[in-house]
Structures are given as structure tokens and as C-alpha cells.
Amino acid sequence: MHRNRADAPSAASAADLWRAFGARLRHWRRRAGLTQAQLGAEIGYDHTAVSKLEHGIRRVTPRIADRIDELLATGGELRTACDRAEDAEQRAAQPPPPAAAIPSGLFRPPLPGGPPPPAPLPPLPPGRPPGRLPDYGLLCPLHGAAGCAVPDAADIAELHAAFCAADPAAPPPLDADTAHALTGLLAAHLRSGEDRPHPGLAAAVERTLHAVLGRLPGTPADRRRPLALLAAEYAHAAGALRMQHGRNATAMACFDRALGWSELADDPATQVAALSDMSTLARLDGDAAAALGYAREIGRAAPGRHWAGAMSQVGQARAHGLAGDVRETVRHIARARLHLDHIGERDESDAPWLSIASMHLRVESGAAAALRDVAAAVGDPRLAQRALDAARTALRLLGPAQLPATRLLFTVRVADCHLCAHDPQAAVSLLGPALEGATPGLPALVGHELRGLRGRLVAQRHRRPELADTADRLAELAG
């Protein structure tokens, strides 16, 4: 990481460097067998001046440092020490440069919707906001993983309205209550859209995102990071909500902005989440090469973090599975599982949504999908059986009451693995109860799984006519 001006040595550190110069001078003088008076006579100083040099009280010019180096045969060591101390003094004396401008690309279109016209703010999402942060994988931009209280719903509405109405040209500082309110509000939005996202939810998130972005240019550089963190989280949430509706182009634009803001805020967790979703979008478009490229970038965004390494390897396995490369799919799954063995407290402090159990869930669900895809591509029921084992593990890890939409997605994946293992009856038996009461308008990822499963059912129903009714039901739900 490059150091900025604020990290440059101060006047105090320059004094330390002059003391270090004096200590080396004393060492070399004694090694040469000279007294302070004898050395002073050679360079035109009296013995008290030499004493002050050796104690770091008095400075020396580069010309005198060269002369002493020559007299004491130091090989230029004292001139080097003198240059370091002088450089430190000069840097400490310079005023800090003006704050670097935020890259203009982070504000350019496409950001969905554009700045909203003046209008009443949308109502708060149904349900209560969280009582504390972190929640739903979101950290407070001021207090991080240490945690903090979230205002109640009425105060959130008031703080949110004041934030959106403030003049962006002269924004007040982001106070703690407002930071807690905006983060808690986002958690409430995401939770309410967990099962049945609706278009108004994405619009509400994007409205707040525009208010955050409007404040950033006028905020002093030393106060930008909390706003940049909020921008990254809101942009990522906007992308996730649009992806749930199958609006992949605008979702990709949102993830791209989330990536930029998270880089500005030095937030590797959101960088990894955005890159992972970008890899997913490329995979949904059937672009294995792009999906592989985004997955590889995950590891570069958070080097040395095993949680990021596991997600990178799973993403690469899924891209290779889509391409039908058995060897690379299996190899990257093994690497992802190896990363799991090394995840510890440091990893859990990096990403608010992370725990050992959640990473195990992500790896096994990704492994199941990758093995299912490659099994379907090469027609190998043994790979499908391995996919089935991983899919069942992921479903067990999810728990019976967690994330109904995700549970449906995993159940459909288990059924698909049965189908790829040449057991259509098991697939149909599992799908019946799982799809009971389901209606069109499911999240896009569930729809994608249903379409893949339906395609394989259609391919087999000429041999198994009883599969036709299930295939028709899937077509109705998948859209």
C-alpha cells in the first residue's frame, strides 16, 4: 500500500533520525581512535559542537557529512544518515496536499434511476429494524464489528428523511445516529426482500444510495470513508435486488459501482461479495470465461484471507463446471475445501456475514452446483452422485427455518442432481412437496435452477411420459 502524506515522518521522527546519525558518528569516531576535539579540529568544529552532533542536538550539512565519511572511512554511511534526517525534516515541514478528488467514474451513469425528483420518501419496509449492528451481514460504518445500537423505527424514518433532504453542497458530518439508522434501514430492506422482492424495494435502496453519493464530493477526505462504506453497501444491495428480478445489466452496473466504492473505502468484504455476484451474473449469461475471470479477482481483492480464497475457488469451480471441464472443476472444489480447514478468528473479523458454518454452506452449495453442471455436460452419473452428496450437505447446513427462498433453491438443486444421476423418480418425488403452493415470480436464481431442471426433464420425457406434468409445472413457475 502506498503511503500518503499523513504517513510521512514527523518532526519527532526527524529528531530520532538525527540522534541515530549522532550514534553512528560516535561509533566511527571511537573506532578511528579520535577524540571529539581531534575530529573537530579536522572539520573546523570545536569539541562541544562535535558533542552536540553525537547527541543529535545539532544538525550537520551534507558537505560536512561527506568530509567526516572521508576522514573516518565509513563508506558513506554518515552521508546516508544525514540525507534521511534532512528528508524527514523537509517532509514534516510541508503542508499536506489538498484532498485527492474522488474518481469521476464512480459517479457516472449507469447508476439506476438517476437522482430522484422531490417526493415523499417511501415507507419503511415491513417488520422491525434490527436492534443492533452487525445485522444481515452489515457492519456499522463507524464502529465496525464492535457493534452498536440501532435507533427505533420512528427515529430511523426521521433521521433518513433529514439525511436525504440535506444540502449536498454543504453536508453536515455523518453523525453516529444517522450512520446506525442508514445501516439498520438497509438491513431491514434486505430482510424484507428475502423471499419476494418487489420493484419498489430496489427503488427505495437506490434513492438512499443517490443521497449518499450526493454528499461524498463535499465531504472532507478524512471523513469520507464511512460514506464510501455506505455507498458500497447500498450499491451492492441495489445490485442484489435487481439480480433477484433478473435485471442482470443494471445489476452488473450496481456491482461495478459497489466494487469501486469498496476499493475507495478499503473494504475487502464488499469487494469480494461484489466480485462473487459479478461472476454469478456472467455464469447466468453462459459466459464461463468471464465468470472465471471475476472469480480469480476475488482472491486478489483479499490476499491471504482463507474465506476469500474459498469463495474464489468455488467461483472458479462453477465456471469450469459450466465449461464442462471435469478436472479443473474437481481440483478447485478440493482447494475450496482446503481453505475451509484454515478459516479462523481473523477471517471471521474480516467479513460480517462470515462464520465457519456459513462458509461451509457456501462451499458445499457451490460444489454441488459445479459438479451437477459438469455431470450434465459430460453425462457422468458418478459426478452427479458426488453433486448430490454436496447438495444434501448444504441443505442440512441451512437449517429448517432459514431463508425459505434459498431452501427452495437448494431443494431444486438436489432434485436436479437426482435427475443427472439417472433417477428421475426421486427428482419428481422431491419436487412435488417443495413446489406445493409456489407461484410465479420466484427470485431469478431459483428460476434459473428451475429452467435447467426443466430442460433435462423435457429431454427425458419421451422415454418417461410421466415427467411431462412436472416439466409443465416447472415451465409455469420459471417463467
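The values are calculated or read from the model by the stated rules, or taken from the named source; none is laboratory data. Everything numeric in this text was worked out from a predicted model, so none of it was measured. Here the Cβ positions follow ideal geometry from the backbone for every residue, glycine too, while neighbour counts run over all protein chains shown.
Restricted to helices (runs of 4 or more DSSP H) entirely inside the range 159-248, those with at least 3 residues that are closer than 30 Å to Ala405 by Cα and over 19 Å from the mean Cα position of the chain (by Cα) are 176-192, 199-215.
For the range 331-343, a residue qualifies if it is free of Cβ contacts under 8 Å to residues at least 12 places away in the same chain and among the small types (Gly, Ala, Ser), and exactly one does: Ala334.
For the range 365-423, the set of residues classified as under 32 Å from the mean Cα position of the chain (by Cα) and at positive phi consists of Gly399, Leu403, listed by residue number. Residues of the range 217-266 that are modelled with pLDDT under 90, among the polar types (S, T, N, Q) and out of contact with any Leu (no Cβ under 7 Å at 6 or more places or on another chain): Gln244 alone. Taking first residues from the range 294-316 that are under 17 Å from Arg362 (Cα atoms) and partners that are in a loop (DSSP other than H, G, I, E, B) and at pLDDT below 95, the Cβ contacts under 8 Å between residues at least 6 apart in sequence or on separate chains come to His306/His342; His306/Ile343; His306/Gly344; Trp307/Ile343; Trp307/Ala351; Trp307/Leu354; Ala308/Ala302; Ala310/Ile343.
Quick grid of which residues meet (1) farther than 26 Å from Val326 by Cα; (2) assigned by TED's automatic domain parsing to the domain that holds Ala377; (3) crowded, with 21+ Cβ neighbours inside 10 Å:
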{"position": "Val272", "(1), (2), (3)": "no, yes, yes"}
{"position": "Ser279", "(1), (2), (3)": "no, yes, yes"}
{"position": "Asp285", "(1), (2), (3)": "no, yes, no"}
{"position": "Ala289", "(1), (2), (3)": "no, yes, no"}
{"position": "Glu297", "(1), (2), (3)": "no, yes, no"}
{"position": "Pro303", "(1), (2), (3)": "yes, yes, no"}
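Looking across Ala258, Ala251, one residue alone is within 10 Å of the chain's Cα centre (by Cα), under 22 Å from Gln316 (Cβ atoms), small (Gly, Ala, Ser) and assigned by TED's automatic domain parsing to the domain that holds Ala228. It is Ala258.
Scan the range 402-413 and tell me whether some residue there is hydroxyl-bearing (Ser, Thr, Tyr) and under 19 Å from Ile333 (Cβ atoms). Walk me through how you get there before you give the answer.
Keep residues of the range 402-413 that are hydroxyl-bearing (Ser, Thr, Tyr), which gives 406, 411.
Now drop any that are not under 19 Å from Ile333 (Cβ atoms), which leaves none.
Checked the range 402-413: no residue is hydroxyl-bearing (Ser, Thr, Tyr) and under 19 Å from Ile333 (Cβ atoms).
Leu371 meets the conditions (1) at pLDDT 95 or above; (2) out of contact with any helix residue (DSSP H, G or I) (no Cβ under 6 Å at 6 or more places or on another chain) in every case but one. The failed one is (2).
Checking each residue in the range 393-433 for being small (Gly, Ala, Ser), under 26 Å from Met359 (Cα atoms) and either surrounded by 16 or more Cβ atoms within 10 Å (Cβ to Cβ) or touching a strand residue (DSSP E or B) at 6+ places or on another chain (Cβ under 6 Å) (or both) picks out Ala394, Ala405, Ala415.
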